[in-house]
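These notes are about the structure you will find just below.
The values are calculated or read from the model by the stated rules, or taken from the named source; none is laboratory data. Not measured: the values here are computed from a predicted model. Heads up, the Cβs are rebuilt from the backbone with ideal geometry, glycines too, and the neighbour counts pull from every protein chain shown. The accessibility values were calculated without ligands, DNA or RNA, using every heavy atom of the protein model including side chains. Shrake-Rupley method; radii C 1.70, N 1.55, O 1.52, S 1.80 Å.
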Amino acid sequence: MEIPIGLVMPNTTHRWCKWHVLRKAKEHLGPHYTKSSDFRAALHKVVNEMLTVDEFESAWASLLDKYKLHNNTFLIQIFEVRHKWAKPYFSGKFCAKQTSTQRSESANHLLKGYIPPACPMNLFVKQYSKLQFD
């Protein structure tokens with residue numbers, strides 16, 4: 001999407017969704033990234049709370065030092081493209097509060113866990129009721 005958006009609307013900025021970056025972190029960082037891990041909480045703090053580029057880069061370096069993850073391929077790659085997803089790099093850019101598709105993406109992910117693709121309506125209603133109960 002980034003290339004066509006840039007061609008059609010050259011004065012816009014295509015921003016990666018923070019939710020997708022964090023979801024990929026979960027996939028690539030395995031045991032480092034669990035709900036109870038200190039690393040997960042620290043990563044979320046860096047991603048969500050740093051306001052300036054200097055703060056972000058300093059906190060990122062501290063994170064890698066503390067958890068000895070300087071050689072982690074995923075972290076190296078996402079840091080190289082931080083200007084596409086990290087909040088401090090969008091200072092002064094109007095985003096209309098659309099910095100993440102988290103609400104719709106997480107709802108979609110949840111629904112997929114209960115409702116199989118192309119299911120009949122009666123199964124959809126049954127599974128949706130189960131989802132609400134759970």
- request: Keeping all protein chains in place, calculate the accessible area per residue for the chain (probe 1.4 angstrom), answer in Å².
  value: 72 Å²
field: Calculated FRET value between residue 128 and residue 23, using beta carbons and R₀ = 35 Å, to 0.05
entry: 0.90
- prompt: Which lysines, on any chain, are close to residue 35 with Cα under 22 Å apart, when same-chain ones fewer than 8 places away are left out?
  reply: 18, 24, 26, 45, 66, 68, 112
task: Would you mind calculating the gained length between residue 79 and residue 8 on full extension (0.36 nm times residue separation, minus the Cα-Cα distance), in nm to one decimal?
output: 22.8 nm
query: Counting only protein heavy atoms, what percent of the accessible surface of the chain is carbon or sulfur at a 1.4 Å probe?
result: 57 percent
message: Only sites in a loop by DSSP and with at most 10 other Cβ atoms within 10 Å count here; which chymotrypsin sites (Phe, Trp or Tyr not before Pro) in segment 3-94 make the cut?
response: 94
- request: Write down the radius of gyration of segment 6-74 and its Dmax, each obtained from C-alpha positions, in Å.
  value: 14.2, 44
message: Suppose R0 equals 35 Å. What FRET efficiency, 1/(1 + (r/R0)^6) with r the Cβ-Cβ distance, do residue 109 and residue 61 give to the nearest 0.05?
response: 0.65
query: What is the helix-to-structure angle for 121-133, meaning the angle in degrees between its Cα long axis and the longest Cα principal axis of the chain, kept from 0 to 90 and rounded to the nearest 10?
result: 60 degrees
task: Using a Förster distance of 22 angstrom, determine the FRET efficiency expected from the C-beta separation of residue 35 and residue 89, and round it to 0.05.
output: 0.20
